[in-house]
Amino acid sequence: MTRPTARPAPPTTVIGLMSGTSCDAVDAAAARITCDGPVLRLTPLGMVSEPYDEELRHTLAAALPPGRTTLADVCRLDTRIGQSFAALAARADRELCAGRADLIASHGQTVFHWADGGLVHGTLQLGEPAWIAEATGLPVVSGFRTRDVAAGGQGAPLIGLIDRMLLRGHPGVPAALNVGGIANATVLTPDGTPAAFDSGPGNALLDAAARHFTAGRLDRDTDGRLAARGTVHLPLLDRLLAEPYYGLPAPKTTGRELFHSGYLRTALDAVGPLPAPDVLATLTRLTARTVADALRPYGVTEVLASGGGTRNPVLMAALGQELGAAVRLRTSDAVGLPSAAKEAYAFAVLGYLTLHGLPGTAAQCTGAAGPRVLGSLTPGRTPLRLPTPLTRAPHILTVTPPPAA
């Protein structure tokens, strides 16, 4: 008797919302996702992005470490960020999904990650999901990181599970790298065991230096133009490399609670006045060096990079030099996943897994006690009806192009 072939789960259109540690904009990436046994198929439908308005950006920056804030400020930020996410989600549904999206997955805006002594005790993301559900009428998965922390995990990098699925089948020892405000990486070792960690600052100190030297006129060193004019200052680089965080074992995570403007000012005060281009050149080398140092012990042979840092040619050149000619450095665009929106797509996948009752975390990536279904669900306009849980968790992620128009 022939056993019937299991049919793939019907496709789900998910919009992933993300604002990273640069705290400057919200990205929305739409994807059609289907699970067929061990394979999760993701078809990118496009991305839209919207910067925070100037008032919100300044209020948020003032509230982040080393700044001080009040509960009134936290409430206002939670509301304003939620409304920003909601407006972009509605736009993404309209422009990318023809109004047919099924689910929103919102990472929110991380404002504090309570890490101490190598352990994470709590994490806080703002952006109330009720605003998103109200604006779109769709159910929203949010609060992804907290469940992992409650299970003893670092709460980051949560995209380690997605990276493991994406890297599976790549030859050698592949790694996925995301360079946002903080740089994080996932390595797939030869036996298939993943290792995931935050390597240290990505753009966080670069952005802080750009603001410092231009009195707030610039938020970033666009295209590495300042760094390209400078020379690495070795005493400053050596002082920065002495940071104890770099010596901690994986899994580990960090954030702007450590790598902030006050941290940079303390380092600069210790070495004396330096030209802005030299400081930017040194900080660019710091990011490249700490990423390469973190990956080197694994014998990595390929790096798929994503995030805002990939748009900085000076940083990418420095990263290539630090990794060496034996390591193939590409962006995730090479495998069909747009590097500018990779994290937003990753959270779309995590939202899909939650909706279907599947874990969104791997213990090897975050240090949690075990895999956990992540997040909380906020209903849309209609009663919340969950699909039948999938009984088999996929372990391969393939990216397929959308059908030609």
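The values are calculated or read from the model by the stated rules, or taken from the named source; none is laboratory data. Keep in mind it's a predicted model, so treat the numbers as computed, not measured. All Cβ positions, glycine included, derive from the backbone under ideal geometry; neighbour counts span all protein chains shown. Just so you know, the surface numbers come from the protein's heavy atoms only, side chains and all, with ligands and any DNA or RNA stripped out. Shrake-Rupley method; radii C 1.70, N 1.55, O 1.52, S 1.80 Å.
Some observations on this one:
- In the context of the full set of protein chains, residues of region 311-372 present 34 Å² of accessible surface per residue (probe radius 1.4 Å, heavy atoms only).
- Charge dipole magnitude, Cβ of K and R +1, D and E -1 - the chain, Cα centre, debye nearest 20: 840 debye
- Spin-label proximity, residue 119 to region 354-371 - amide N less than 20 Å from point 7 Å beyond Cα toward beta carbon: 363-371
- A 1.4 Å probe run over the protein chains yields, for region 150-241, 35 Å² of accessible area per residue, whole-number rounding.
- Charge dipole (debye, nearest 20) of region 14-79; +1 at Cβ of Lys and Arg, -1 at Cβ of Asp and Glu: 240 debye
- In this structure the amide hydrogen of residue 203, modeled in the peptide plane, comes within under 5 Å of the amide hydrogens of 180, 181, 182, none closer than 5 places in sequence on its chain.
- Overall form of region 34-136: oblate. Here a/c, set by the Cα gyration tensor axes a ≥ b ≥ c, is 1.5 or more, and a/b is not larger than b/c.
- Over the residues of the chain, the helix contribution to mean residue ellipticity at 222 nm works out to -10500 deg cm²/dmol, using -39500 (n - 2.57) for each DSSP H run of at least 4.
- Whether region 326-391 is rounded, prolate or oblate, judged on the alpha carbon gyration tensor where a/c under 1.5 counts as rounded: oblate
- Pairwise centroid distance, computed over Cα atoms, of region 363-403 with region 308-353, Å: 23 Å
- Lys/Arg +1, Asp/Glu -1 at C-beta; the chain dipole; positive extreme among 38, 366, 339: 38
- Cβ-placed point charges (K, R +1; D, E -1), dipole of region 81-221 about Cα centre in debye, nearest 20: 160 debye
- Region 92-165 and region 231-254: distance between their alpha carbon centers, rounded to Å: 28 Å
- Estimated at 0.36 nm per residue, the fully extended path between residue 373 and residue 269 surpasses their Cα-Cα distance by 32.9 nm.
- Under-5 Å amide H pairs with residue 105, H placed in peptide plane, nonlocal only: 15, 16, 17, 141
- Principal-axis tilt of helix 276-295 within the chain, Cα atoms, nearest 10 degrees: 50 degrees
- Of the residues 131, 114, ranked by 1.4 Å probe accessible area with the largest first, the sequence reads 114, 131.
- Beta bridges per DSSP with both ends in the chain, % antiparallel, nearest 5: 65 percent
- Exposure of residue 102 as accessible area (Å², to 10), given a probe of 1.4 Å and all protein chains: 70 Å²
- Here residue 36 and residue 193 are evaluated by their C-beta separation; at R0 = 35 Å the FRET efficiency comes out at 0.90.
- Net +/- balance of residues flanking residue 123 in space, Cβ distance below 15 Å, scoring K and R +1, D and E -1: 0
- Over region 68-142, accessible surface divided per residue gives 47 Å², non-protein components excluded, 1.4 Å probe.
- Label zone at residue 321 (point 7 Å along Cα-to-Cβ), backbone N below 16 Å, region 276-310: 277-293
- To put it simply, the accessible area of the chain at a 1.4 Å probe is 55 percent carbon and sulfur.
- For region 338-350, 3J(HN,Hα) per residue [Karplus equation, 6.51 cos²θ - 1.76 cosθ + 1.60, θ = phi - 60°, Hz, x = Gly/Pro]: x, 5, 6, 10, 4, 5, 5, 5, 4, 6, 4, 5, 4
- Shape of region 143-259, Cα gyration tensor, a/c cut at 1.5: prolate
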